[in-house]
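The values are calculated or read from the model by the stated rules, or taken from the named source; none is laboratory data. Not measured: the values here are computed from a predicted model. Backbone-built Cβ (ideal geometry, glycine too); neighbour counts: all protein chains shown.
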Amino acid sequence: MNIGFIGLGNMGLPMAINLLKAGYQVTGFDLVQSQLDAFAKEGGKTVANANDAAKNVDVLISMLPASRHVEGLYLGDSGLLANTYPQTILVDCSTISPKVAQAVASAAQAKGFEMVDAPVSGGTAGAQAGTLTFMVGGQQSAVERIRPLLEKMGKNIFHAGANGAGQTVKVCNNMLLGIQMLGTCEALRLGIANGMDPKILSDIMSKSSGRNWALELYNPCPGVMDNVPSSKDYAGGFGVDLMLKDMGLATENAEALEASVPLGKLAQQLYEAHSKAGYGQLDFSSVFNLK
Ligand code: NAD
């Protein structure tokens, strides 16, 4: 199976490398030269534009920042739908608006393509280890055809429902993650203000009812855990601006459906303040330092 991979960033690069390791032929493209170089160093083939990455491949995977990048990649006269053979299955792993995912998939289906939305959870560590969770929206037949491929990058592959359903699950999940990270930071800060060792505090809360993913696997306090962004000056990982984007997806979605998400709205404001203070490119756990 030949694969095209567009978007070799913090997530896309390790995902594409896992496909190479599994023996697939992978042709990669990114707008940033250093990302192309890193992929070539691992034995990946690189090309100079997106349409070349999608040429003669069985599956085309995209892993881009936000809705507008995905629309730009697939739609329009120079987009992939106008320049790729419909035999190619299209798999968008970016986290984007469920509405945009549905619109792009409809445009793809109108041209004879099978397309799924397949956002992921598990962070850059999960991408490197090949243990991501995939939340897939689309037709069962397309999901089953790409399942063996997704299993090379992830451990849990869920078919959430029709096109857009993968994104809906992802938006709900990340709203919860964003809120939990802020709560975890507050609890740690309060303990530290009381003179507690953050490691002891984290160990105890991790075995108590406050346990959660941010506390146990992605601790935001520097020095508590190795190999997490907080212990690397909050470099890499999942950017504040990407979390802010996901909070925006959640609150916009909630407004359109008149669903009540007061904590989601408050969390969005806090990530926005942190981004505006100049920390948008740091990992989202740096919100630990929000004053
Ligand atoms: P990133 O910014 O590190 O990578 C995105 C890459 O896409 C960049 O290298 C950029 O140059 C490239 N790009 C943008 N437009 C392009 C185009 N038109 N053609 C080719 N390349 C293009 O972001 P990331 O952390 O890898 O996240 C990617 C997506 O995955 C986002 O939607 C994010 O919300 C989601 N996500 C991230 C994490 C995480 O922990 N980082 C976890 C789960 C989901």
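Some notes on this structure:
- When the residues of the range 266-287 are filtered to those that are of a type in the set (D, E, K, R) and in a helix (DSSP H, G or I), the one that is farthest from LEU244 (Cα to Cα) is LYS276.
- Every residue from the range 84-113 that is in a loop (DSSP other than H, G, I, E, B) and either near the ligand (Cβ under 10 Å from one of its atoms) or not assigned by TED's automatic domain parsing to the domain that holds ALA142 (or both): CYS93, SER94, THR95, ILE96
- The set of residues from the range 75-97 being among the small types (Gly, Ala, Ser) and touching a strand residue (DSSP E or B) at 6+ places or on another chain (Cβ under 9 Å) comprises just one member, SER94.
- Whichever residue in the range 126-149 is among the β-branched types (Val, Ile, Thr) and in a strand (DSSP E or B) and, among such residues, is surrounded by the most Cβ atoms within 10 Å (Cβ to Cβ): VAL136
- Residues satisfying the stated conditions in the range 123-142, i.e. without any contact (Cβ under 8 Å) to a residue 60 or more places away in the chain and more than 11 Å from the ligand (Cβ to nearest atom): ALA129, THR131, VAL136, GLY137, GLY138, GLN139, GLN140, SER141, ALA142
- Answer from VAL287, VAL240 - the residue that is among the β-branched types (Val, Ile, Thr), under 15 Å from the mean Cα position of the chain (by Cα) and closer than 23 Å to GLY9 by Cβ: VAL240
Table: residues versus (1) among the small types (Gly, Ala, Ser); (2) surrounded by 14 or more Cβ atoms within 10 Å (Cβ to Cβ); (3) on the phi < 0 side of the Ramachandran plot.
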position	(1), (2), (3)
PRO229	no, yes, yes
LYS245	no, yes, yes
GLY248	yes, yes, yes
ALA254	yes, yes, yes
PRO262	no, no, yes
ALA267	yes, yes, yes
GLU272	no, yes, yes
GLY280	yes, yes, yes
ASN289	no, yes, yes
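- Where helices (runs of 4 or more DSSP H) sit wholly within the range 1-83, those with at least 1 residues that are near the ligand (Cβ under 10 Å from one of its atoms) and without any contact (Cβ under 8 Å) to a residue 24 or more places away in the chain occupy 33-41, 67-74.
- Residue, farthest from the ligand (Cβ to nearest atom), within the range 231-243, restricted to residues that are surrounded by fewer than 19 Cβ atoms within 10 Å (Cβ to Cβ) and at positive phi: ASP233
- Conditions (1) on the phi < 0 side of the Ramachandran plot; (2) exposed (fewer than 15 other Cβ atoms within 10 Å of the Cβ); (3) within 14 Å of the ligand (Cβ to nearest atom): number failed by MET196: (3)
- Yes/no for LYS155 being within 19 Å of the chain's Cα centre (by Cα), surrounded by fewer than 18 Cβ atoms within 10 Å (Cβ to Cβ) and outside any helix (DSSP H, G or I): yes
- Residues that are in contact with a Ser or Thr (Cβ under 7 Å, 6 or more places away or on another chain) and either part of a helix (DSSP H, G or I) or at pLDDT 95 or above (or both), drawn from the range 232-251: TYR234, VAL240, ASP241, LEU244, ASP246, LEU249
- When the test is whether a residue is at pLDDT 95 or above, assigned to a helix (DSSP H, G or I) and either crowded, with 21+ Cβ neighbours inside 10 Å or in contact with a Lys or Arg (Cβ under 6 Å, 6 or more places away or on another chain) (or both), VAL224 does not pass it.
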